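Read the figures in this text as sums done on the coordinates, not as results from a lab. Here the structure is a predicted model, which means the values were calculated and not measured. Positions of Cβ are generated from backbone atoms using ideal geometry, with glycine treated the same way; all protein chains shown enter the neighbour counts.
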Amino acid sequence: MTMFLCASAKSIPHPAKIQKGGEDAHFIAFDGLAIGVADGVGGYADYGIDPAPLAQYLMRRTDYVLAESHDEKAADTLAELMQETASAILEDGILGGACYNVARLVDSELQVNNLGDCSLIVVRAGQVVFQSQVQQTEFNHPLQLGYLPSEEYEGYTESVSESPLTDSATEVFPVLVGDIVVSGSDGLWDNLDIIEEILPLLANSKRTPVARMANAIGAAAASRARSRTADVPFNVNAREALGEEGCKYVGGKLDDITVVVAVVAPA
């Protein structure tokens, strides 16, 4: 059966970055066969580098490259195609860094390529049946696609990658009509618990437009991010990594939030 992704997105910038539109980016392929989310790493701003242009270019270029490569369907070619995008960024001299998650539908398989802490889940009959890998060198230090002179930016040398071909993770998962794919930047996953807070917003997917689901998830994540008391997943993960004494995080985690929701539909 031929299938496609009926998708919609919601992006909500960090409150301090509303004027510039935030530093996340995303794409939804015109043919309904691919989606992607990128998170420009805000730490580059400390060195006078705006990470937004790299994240935006990464998504635009990936959309173009995937559209031009329908004959390259093997799962291992997805990392090669992302390497093509990375090489274009290097050739154009764009500095900065971004985490990303890209997925494409090939026949009945969802191929996912991930670098860093953007992530993706597949929901079937109210249950999470797949979750993509998250890559970090240590807690809150995600692997990222980036370009900068290492002698000037020593703090990022361990987590910056120029090679999706060698450093990214590619996974393949068989999907069915009616499956729901949720892809998001870390601003989503850091603030909403998947089981308790995201799945209930997908419960009526057969009767709820995909745009409404994306809007609801984005709004819920933004609300939690603004909370001064919420014990969000980021705080839970911090305690696990740093211990109770080392964790000083309280309340939500303000960040750019991007979510793409896609329902697998028959063509």
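Computed values, structure above
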read-out	value
Under 15 Å, Cβ to Cβ, from D231 - net charge with Lys/Arg +1 and Asp/Glu -1	0
Low-density loop cleavage sites - trypsin sites (Lys or Arg not before Pro) in segment 191-267, where at most 11 other Cβ are within 10 Å (DSSP)	K206, R207, R228, K248
Amide H partners (placed H, <5 Å) of F4, local residues excluded	A265, A267
Set of aspartates and glutamates with alpha-carbon distance to K206 below 15 Å, sequence-local pairs under 8 removed	D179
Separation of the A265 and R207 label points, Cα + 7 Å toward Cβ, nm	1.9
Among 256-266, 213-223, the order from most to least packed when residues are scored by Cβ within 10 Å on average	256-266, 213-223
Among 93-99, 193-199, the order from most to least packed when residues are scored by Cβ within 10 Å on average	93-99, 193-199
Sites E196 and E91, calculated FRET efficiency, Cβ-Cβ separation with R0 41 Å, nearest 0.05	0.35
Positive-end residue, the chain charge dipole about Cα centroid, Cβ charges, pick of V177, G243, A98	V177
Per-pair calculated FRET efficiency, R0 = 41 Å: C6 and D231 via Cβ, rounded to 0.05	0.75
About the Cα centre, charge dipole magnitude for segment 1-115 (Lys/Arg +1, Asp/Glu -1 at Cβ), debye	500
Cα-projected label distance for V172 with Q136, points at 7 Å along beta-carbon direction, nm	3.0
Label corresponding to mean projected area of the Cα convex hull in nm² when calculated from the structure given, among (1) 16.6; (2) 20.7; (3) 13.8	(3)
FRET efficiency estimate (nearest 0.05) - Cβ-Cβ, L148 to E68, R0 30 angstrom	0.55
Electrostatic dipole magnitude of segment 89-231 [Cβ: Lys, Arg +1; Asp, Glu -1; Cα centre; debye, to 20]	1140
Spacing of the two label points (7 Å from each Cα toward its C-beta) at A125 and A219, in nm	3.1
Within the chain: Cβ-based charge dipole about Cα centre, in debye rounded to nearest 20 (Lys, Arg +1; Asp, Glu -1)	1500
Proximal aspartates and glutamates to K17, defined as alpha-carbon separation beneath 13 angstrom and excluding residues fewer than eight positions away on the same chain	D50, D255, D256
Relative contact order, percent, segment 146-267 [alpha-carbon distance under 8 Å, six or more residues apart]	36
Choice from V181, V123, V65 showing the highest fluctuation, given a GNM over the chain with Cα pairs closer than 10 Å	V65
Relative contact order computed over the chain (Cα-Cα under 8 Å; 6+ residues apart), in percent	26
Prolate/oblate/rounded call for segment 131-267, Cα gyration tensor, a/c under 1.5 rounded	oblate
